[in-house]
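In what follows, a single structure is set out as structure tokens and then discussed.
The values are calculated or read from the model by the stated rules, or taken from the named source; none is laboratory data. All values reported here derive from a predicted model rather than from experimental measurement. Here Cβ is always computed from backbone atoms with ideal geometry, including for glycine, and neighbour counts include all displayed protein chains.
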Amino acid sequence: MSRPTLELLVQRHGDELWLNAPAVGLFTDAQPLDGLLSPGDAAGVLMILGRAHDLLVPAQVQGRIQGPGPELVRQPVDYGTRVYCLSLLEDELSGTEPNDSPNIAVDEKALVLKSPQTGRFYHRASPTDEPFISPGDRIHPGQAIGMIEVMKTFTTVAFSGDEGWPTRLRLKVWLAQDGAEVTQGEALIELEED
Amino acid sequence: MFRRLFIANRGEVAVRVARAARSLGISPVCAVSQSDRETPWASAMDEVVCLGPGNPELSYLRVEAAVQAALQTGCAALHPGWGFLAENARFAALCQQHGLTFIGPSPSLIDSMGLKWPSKQAARRAGLTLIPGSEGLLRDVDEALEVAARIGYPVMIKADAGGGGRGMRRCTNEEELRAGYAQASAEAMGAFGNGDLFLEKCLQNGRHIEVQILGDRWGKVLHLYERECSIQRKHQKLIEESPSPALDQQQREELGTAAAQAAAALGYVGAGTIEFLMDAESGDLHFMEMNTRLQVEHGISECITGVDIVREQIRVAAGEKLEQAQEDITVSGHAIECRINAEDPTRNFQPTPGDLTRFQVPRDLGPGSLRVDTHVQEGDTIPPHYDSLMAKLIAHGKDRAEALETMRRALDGLVIEGVTSTTPLHQAVLASGEFQSGAYNTGSIPGWTPQQVS
């Protein structure tokens, strides 16, 4: 029977990568100082209510352990407690950036609808409902495209249209995923001419 | 007594529970989310444990994380506050399973009070009056029509597993009831996997009156009289006062006694509230539901009775006895509470998170006394993740007129800038003749019209 796993959280800090605890628990089985960590490695165990969870190194993370892992063994950790500090390997420094910013790049000229508020964005009126719209659907001014939750209050986000935009539009792609936290002015959907 | 107490909540209630814990010499440890970690209220705790990111589903609502956090910080008891996990029976059971004292009633009691029909049955067995309606769950639409004909329209169809208005229909005649029955059943089936319905008479423009209960493990149950909570918007309370202007002294004693007897019959331990709906025509008080937790508006009951409800809640959870006798608990003066929320009352109560550039609470403006329960400070950012409550102003006077005057001055002296608050709504309600006379109900907010712009 395989043990449950949890992926460590990644935080970039200058030339270092920090791996942080993904949950509250007791940390144990740390990897030794100077050891190498690569994607998919088990880099310790987190005990949550007596149950062991293997802590996995996420994709695109590779480096040499500088600390503090072993010092924390059998210590309680919070969500976000730094359990490893990694120095990046030479080839890694010039390589790909860690994926800590999942935002999709949007062309300046793209037809996007922006979030009116900071909050959580939903594609559907309730978890059991169908999404308001799906990619490829025609979209008209005044039409609801999602809901935004701010302080437990749900407000419908409607497509308002924009002067100078084509009159026949359809949904190209969701830029904010269902349930995503969005900030005011963040792009929610991209539209294209139908 | 416990040495450390874990608070599985945030903000104002976390601050309130920490204060009660310290008064008993208990060290408060609090759950925080990543976005709450650096707040002044979190810094004032003896220790905090970060459960997860700002989204409450990934932090404050994580049952296992909260229990693990309490255990690894050496806490012997856990206070759930209100909201979040406060009425989650599975959470209470998980605490028990890991040797943590859950500050609240037993998991089975939380469970039975959470479902509508079982809670009504328990209330009726305990001697409380129910809203006229069906005897249990309805077999079919014919039985619904039969009951409605007997009690009279309008009626309300409700789902046993319902909540948040789902599976609920108001029907004014036979035709609407036929259609409403099918719709409500289908909706409840879809949302809760349980299409069972019952039917009640629809009582309009009633008053929401609730009784505060405290029980210990030794069989004693006290009541701390009632709170009047009829100033509401969409079932969210805005202003509460105690005692209720709708009851005379005899009704007050009778209601309190009935509620305490019902709670005793349930074997209730801890702080709880039994909610009643007062029929506008007959004046009868009908059981609505029981909340198995501390309520936001508990402070007004503390003012008029002098009992620290949160402190007693912790003491009885530790197995101690309630020291007071019911006769010792008397009503002293009158208290009123206004909830200052980060919402714009002129724009349909739209939430207004943002930077609180000024926040100055008035002090000692008299003629009575003012208590301010809050977790925010000038310079804070009000986050979008949580509910909009910023502060509760609680005015206590020797009588209702003095309490209202104290509140009026407090509202006038309150300075909030950067976010829009519900303060103007409270000022308008307090200035209205309807509120001043005490003759108001849940039907409308006196002194305020939905389209009002100040």
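Things worth noting here:
- Against the test of being in the same structural domain as residue A:88 (by TED's automatic domain parsing) and in contact with an Asp or Glu (Cβ under 6 Å, 6 or more places away or on another chain), the options A:58, A:32 yield a single qualifying residue, A:58.
For (1) without any contact (Cβ under 8 Å) to a residue 40 or more places away in the chain; (2) surrounded by 15 or more Cβ atoms within 10 Å (Cβ to Cβ), each residue gets a yes or a no:
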site	(1), (2)
B:115	no, yes
B:118	yes, no
B:151	no, yes
B:167	yes, yes
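- Candidate set from region B:35-74 (those that are among the charged types (D, E, K, R) and surrounded by fewer than 21 Cβ atoms within 10 Å (Cβ to Cβ)); member that is nearest to the other protein chains (Cβ to nearest Cβ): B:64
- If you filter region B:305-358 down to residues that are in a helix (DSSP H, G or I) and more than 22 Å from the chain's Cα centre (by Cα), you find that the one that is farthest from the other protein chains (Cβ to nearest Cβ) is B:327.
- Test: residue in region B:112-121 that is more than 14 Å from chain A (Cβ to nearest Cβ) and farther than 25 Å from residue B:192 by Cβ: no
- Residue B:85 vs. criteria free of Cβ contacts under 8 Å to residues at least 60 places away in the same chain, assigned to a loop (DSSP other than H, G, I, E, B), farther than 24 Å from residue B:262 by Cα and more than 10 Å from chain A (Cβ to nearest Cβ): no
- Qualifying position, being touching a residue at least 40 places away in the same chain (Cβ under 8 Å), aliphatic (A, V, I, L, M), over 18 Å from residue B:290 (Cα atoms) and not in a helix (DSSP H, G or I), among B:203, B:222, B:214: B:203
- Only strands (runs of 3 or more DSSP E) whose full extent lies in region A:140-194 are considered here, and the ones with at least 1 residues that are free of Cβ contacts under 8 Å to residues at least 40 places away in the same chain, touching a Gly at 6+ places or on another chain (Cβ under 9 Å) and not basic (Lys, Arg) are A:144-150, A:153-158, A:169-174.
- Test: residue in region A:136-148 that is modelled with pLDDT of 85 or more and within 14 Å of chain B (Cβ to nearest Cβ): yes
- First in region A:73-89 and free of Cβ contacts under 8 Å to residues at least 24 places away in the same chain, second anywhere and of a type in the set (A, V, I, L, M, F, W, C) and not in a loop (DSSP other than H, G, I, E, B), Cβ under 9 Å, 6 or more apart: none
- Looking only at residues of region B:345-375 that are without any contact (Cβ under 8 Å) to a residue 60 or more places away in the chain and aliphatic (A, V, I, L, M), we find that the one that is surrounded by the most Cβ atoms within 10 Å (Cβ to Cβ) is B:370.
- Flag: residue B:379 matches the condition of being surrounded by fewer than 19 Cβ atoms within 10 Å (Cβ to Cβ) and either assigned by TED's automatic domain parsing to the domain that holds residue B:43 or over 22 Å from the mean Cα position of the chain (by Cα) (or both).
- Any hit, region B:424-443, residues being crowded, with 21+ Cβ neighbours inside 10 Å and under 30 Å from residue B:40 (Cα atoms): yes
- Residues considered: A:189, A:148. Of these, the only one that is surrounded by 17 or more Cβ atoms within 10 Å (Cβ to Cβ), closer than 30 Å to residue B:193 by Cβ and of a type outside the set (Lys, Arg) is A:148.
- Of all residues in region A:30-83, those satisfying the criterion of being in contact with a Ser or Thr (Cβ under 9 Å, 6 or more places away or on another chain) and surrounded by fewer than 17 Cβ atoms within 10 Å (Cβ to Cβ) are A:42, A:52, A:60, A:64, A:66, A:73, A:74, A:75.
- Of the residues in region B:11-30, at least one is touching an Asp or Glu at 6+ places or on another chain (Cβ under 9 Å), touching a residue at least 60 places away in the same chain (Cβ under 8 Å) and either more than 19 Å from residue B:309 (Cβ to Cβ) or within 14 Å of another protein chain (Cβ to nearest Cβ) (or both).
- The set of residues in region B:142-188 that are of a type in the set (A, V, I, L, M) and out of contact with any Asp or Glu (no Cβ under 9 Å at 6 or more places or on another chain) comprises B:144, B:177, B:179, B:182, B:184, B:186.
- Residues that are part of a helix (DSSP H, G or I) and free of Cβ contacts under 8 Å to residues at least 60 places away in the same chain are absent from region B:122-138 altogether.
- Unmet requirement for residue B:156, which otherwise passes all of (1) surrounded by 14 or more Cβ atoms within 10 Å (Cβ to Cβ); (2) touching a residue at least 12 places away in the same chain (Cβ under 8 Å); (3) part of a helix (DSSP H, G or I): (3)
- Residues being more than 26 Å from residue B:388 (Cβ to Cβ), assigned to a strand (DSSP E or B) and of a type in the set (S, T, N, Q) - total across region B:1-34: 1
- Residues located in region A:56-80, provided they are closer than 29 Å to residue B:96 by Cβ and either away from chain B (no Cβ under 14 Å) or assigned to a strand (DSSP E or B) (or both): A:75, A:76, A:77
- Residue check, residue B:188 within 14 Å of chain A (Cβ to nearest Cβ), part of a helix (DSSP H, G or I) and buried (at least 18 other Cβ atoms within 10 Å of the Cβ): yes
- Among the residues of region B:11-64, those identified as more than 24 Å from the chain's Cα centre (by Cα) and polar (S, T, N, Q) are B:27, B:34, B:35, B:39, B:43.
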